[in-house]
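Reviewing the structure listed below.
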Amino acid sequence: MIQVKKLNKSFGRVHVLKDIDLQVNESDVVVLIGASGSGKSTLLRCLNFLEIEDSGEIYIQGQLVDPRKDDLNRVRQQVGMVFQHFNLFPHMNVLENVIEAPVQVKGMAKEEAKKLALSYLEKVGMADRADAYSSQLSGGQKQRVAIARALAMEPRVMLFDEPTSALDPELVGEVLGVMKELAREGMTMVIVTHEMGFAREVGDKVVYLDEGRIVEEGTPEEIFEYPKEERTREFLSKVL
Ligand code: ADP
Ligand code: MG
């Protein structure tokens, strides 16, 4: 679904991603872990071309993407993203938030978009709040709407950047529950999270990043039970 080869990215003189190689197969859940500043968000942003790599190659569904030539809006439709801060449009209700991109970007008829939106709101357990505004929702509810909004574009892959980090602890579970359900249905996902229990339970592959490099990757069991690298062990001893 996604293949990354020798990806490098700098901001000014700061070399943030160093020779990243990554493969995400169809229906895989890949979890990126690592300390703050290690480059996790930048890597996700490169995967849907919110940041453009300096060198290296990114293939989406087998197609090499040339960010300087290709239509990035079309590529981004295949790769949905959910952020730590939900960024719902405050002047639109839940339903309007979810139909916005299908109508504006894909040119879908409004009635069709509403049906589609309601089915995704149903999936995240928010169909009964379709008329509510962002200010009337809890953080967990907002994040579930943000997930429905990304799903409504029917992407092939979903990227999540710390989707529960801004939530009160009692609201984390409802968002992880929705993500778990998506994984069970076979959605391909790349997830940055500090929820190690979730990574262990739902991840097919765990990737540990440190200072812009992939230090180690493997199954949850390999990374959490039998880490090979000293740096991985040290990181895990701090977060587990
Ligand atoms: P993480 O998500 O793992 O915390 P980030 O990818 O956000 O890490 O950041 C990695 C490094 O890149 C940090 O040193 C950060 O300061 C730097 N960085 C990220 N985005 C930018 C930017 N737009 N401009 C300059 N530096 C940035
Ligand atoms: Mg980050």
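Observations, loosely collected:
- Pairs of lysines in segment 121-239 whose Cα atoms sit within less than 23 Å of one another amount to 7, provided the residues are eight or more positions apart or on different chains.
- Helix 230-239 vs. the chain, principal-axis angle (Cα, 0 to 90°, nearest 10): 40 degrees
- Other-chain or far-sequence residues with amide H under 5 Å of residue 210's (modelled H): 215
- FRET efficiency estimate (nearest 0.05) - Cβ-Cβ, residue 222 to residue 27, R0 25 angstrom: 0.80
- When 120, 226, 59 are arranged by Cβ crowding within 10 Å, least crowded first, meaning fewest neighbours, the order is 226, 59, 120.
- In terms of surrounding Cβ atoms within a 10 Å radius of their Cβ, 230, 181 rank from fewest to most as 230, 181.
- For the pair residue 104 and residue 131, the difference between a 0.36 nm per residue extended length and the Cα-Cα distance amounts to 7.7 nm.
- The simple Förster model, with R0 at 22 Å and r as the Cβ-Cβ distance, assigns residue 10 and residue 84 a FRET efficiency of 0.40.
- With Cα atoms, 0 to 90° folded angle of helix 169-184 axis to the chain main axis: 90 degrees
None of the figures in this text is laboratory data; all of them are computed from the coordinates on show. What you see is a predicted model, and the numbers here were worked out from it, not measured in a lab. Cβ coordinates were reconstructed from backbone atoms using ideal geometry, including for glycine residues, and neighbour counts include every protein chain displayed.
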